[in-house]
Amino acid sequence: MQQKNLIIAFGGNSPEHEVSVLTAIQAASALEENIWNLVPLYISKSGQWLTGEHLLDLESYKEIQKAETSSVSCHFETGHNDAAELVTRPAGWLSRPERTRIDALLCAFHGAEGENGAFQGLCETFNIPYSGSDVSSSALGMDKRLAKILCRQEGIPVVDDVWIREQEWIEHSEELISECKKIGFPLFVKPVTLGSSIGVQKVTDRQTLVDAVEESFRYDSGLLVEKAVQPLTEINCSVLGDRDSIKVSVCEQPLGKEALLSFEDKYMQGDGGGKGMASASREIPAPIPEEQTKQIQEYARRIFYQLGCSGVSRLDFLRNSESGEIFFNEINTIPGSFSYYLWEATELRFDQLLEELIAISMKRHQTKNSRVRSHEVNLLSQKAVKGLKGLKGGK
Ligand SMILES: Nc1ncnc2c1ncn2[C@@H]1O[C@H](COP(=O)(O)OP(=O)(O)O)[C@@H](O)[C@H]1O
Ligand SMILES: [Mg+2]
């Protein structure tokens, strides 16, 4: 049987670049090489598209400069039979480009253009089957404000917030501060479209609020100022599938050293970070009452459905550990390590999870390609255009 080519796309200009490298390498080692010919597509921090076998070896990243210079530039092209190809652009004068037919693509980015629908849009344009949520669901999932608006409409609890745009802050900061005060301190200030706790700050009074808001505008042009849930426990749940068929995982309780899970808590613990999101300490299943677990799983399923997500997502909830109240916090449409540790605890091995992810993407691709997308008739044929005024040369 001819091996199929699976492109593993990762890296990118995102604060979660390194985490994405870890997720990609974890996935590559879980996938059976005899089924898939694994081809890395690594996007460097400066935006270069690179390929080369060594890019799926963690060791290579210890000397990133060397890893980059020993790679080959590459790009997407529509090749023969209209099939998308990954085409290399070798540096040498006489070397010929290598063309690899793209049978499937595993999207292993975290954050920014790799997770917010932009890269997904590129795949759509080249008609490449790619794993995970589509353009609109990825974009909605990345926008904390829009995801919360959808939850409110669905009757799923979220904490009160004030949305602050940079221009509005410049013009009406006093009104905005009063609105925040109405919610009451302590508050959380967070950029609307970032992840990994970057720019997220807890504030306790007017001055720390103003400082945090101004600091957060370095990262994003829109912020949410939210009521703080305290005392807090965080509960996450993963969802796998698409609108036709949805599975939910067991819940986890991530255990941070401090109240706010920092980037270091999430990714840099244990053996120095080599395990990515999977190395963070957590309790599985989360030690909460059974009916609350069910409630969270139900919310997670509904949000995933409403956003139209596919593949694997992780939905994060905030729980007041005194009152037991639960609030949806955010969805990660490409979760760290694809949340495989939650699926292993739900009796699905990592390789099976990845195969499902790929199967879901192939199904979406086939459905898309089975629909009518253009008309046989050339609307610009001579007959149709006859009589149209105002076109250059067509008086
Ligand atoms: N409203 C809140 N109340 C209490 N803690 C919060 C709140 N919002 C965020 N946090 C804390 O900050 C962390 C990061 O915020 P989050 O919204 O998850 O952003 P990110 O996308 O960066 O992960 C959360 O994991 C949680 O520990
Ligand atoms: Mg988070």
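For segment 184-194, the condition holds for at least one residue, the condition being that it is among the charged types (D, E, K, R) and within 13 Å of ligand 1 (Cβ to nearest atom).
Here is the figure for segment 237-285: residues that are within 27 Å of A359 (Cβ to Cβ) and either at pLDDT below 95 or within 16 Å of ligand 1 (Cβ to nearest atom) (or both) total 8.
A quick yes/no check of all residues on (1) more than 15 Å from ligand 1 (Cβ to nearest atom); (2) open to solvent by less than 20 Å² (accessible area, probe 1.4 Å); (3) within 26 Å of H17 (Cβ to Cβ):
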residue: R302; (1), (2), (3): yes, no, no
residue: V312; (1), (2), (3): yes, yes, yes
residue: L315; (1), (2), (3): no, yes, yes
residue: Y340; (1), (2), (3): yes, no, yes
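Each residue in segment 1-56 was checked for being closer than 23 Å to E356 by Cβ, of a type in the set (S, T, Y) and surrounded by fewer than 17 Cβ atoms within 10 Å (Cβ to Cβ), and 1 of them qualify.
Does segment 221-236 hold any residues that are away from ligand 1 (no atom under 11 Å from the Cβ) and surrounded by fewer than 21 Cβ atoms within 10 Å (Cβ to Cβ), and which are they? Selection gives S221, G222. With the requirement that a residue be assigned to a helix (DSSP H, G or I), open to solvent by less than 40 Å² (accessible area, probe 1.4 Å) and of a type in the set (A, V, I, L, M, F, W, C), what does segment 59-113 give you? Of everything in segment 59-113, those that are assigned to a helix (DSSP H, G or I), open to solvent by less than 40 Å² (accessible area, probe 1.4 Å) and of a type in the set (A, V, I, L, M, F, W, C) turn out to be A67, A112.
Candidates in segment 342-366 are the residues that are within 11 Å of S249 (Cβ to Cβ) and surrounded by 15 or more Cβ atoms within 10 Å (Cβ to Cβ); of these, the one that is nearest to ligand 1 (Cβ to nearest atom) is L342. Suppose we keep only residues that are touching a residue at least 24 places away in the same chain (Cβ under 8 Å) and among the basic types (K, R) within segment 156-202. Which one would you say is farthest from ligand 2 (Cβ to nearest atom)? Here the residue is K181. Scanning segment 51-83 for residues that are more than 25 Å from the chain's Cα centre (by Cα), among the hydroxyl-bearing types (S, T, Y) and under 29 Å from E124 (Cβ atoms) yields S71, T78.
The values are calculated or read from the model by the stated rules, or taken from the named source; none is laboratory data. Since this is a predicted model, take the numbers as computed values, not measurements. Reconstructed Cβ throughout: ideal geometry from the backbone, glycine too, with neighbour counts over all protein chains shown. When the accessible area is computed, the model is the full protein with side chains, heavy atoms only, and any ligands, DNA or RNA have been set aside. Shrake-Rupley method; radii C 1.70, N 1.55, O 1.52, S 1.80 Å.
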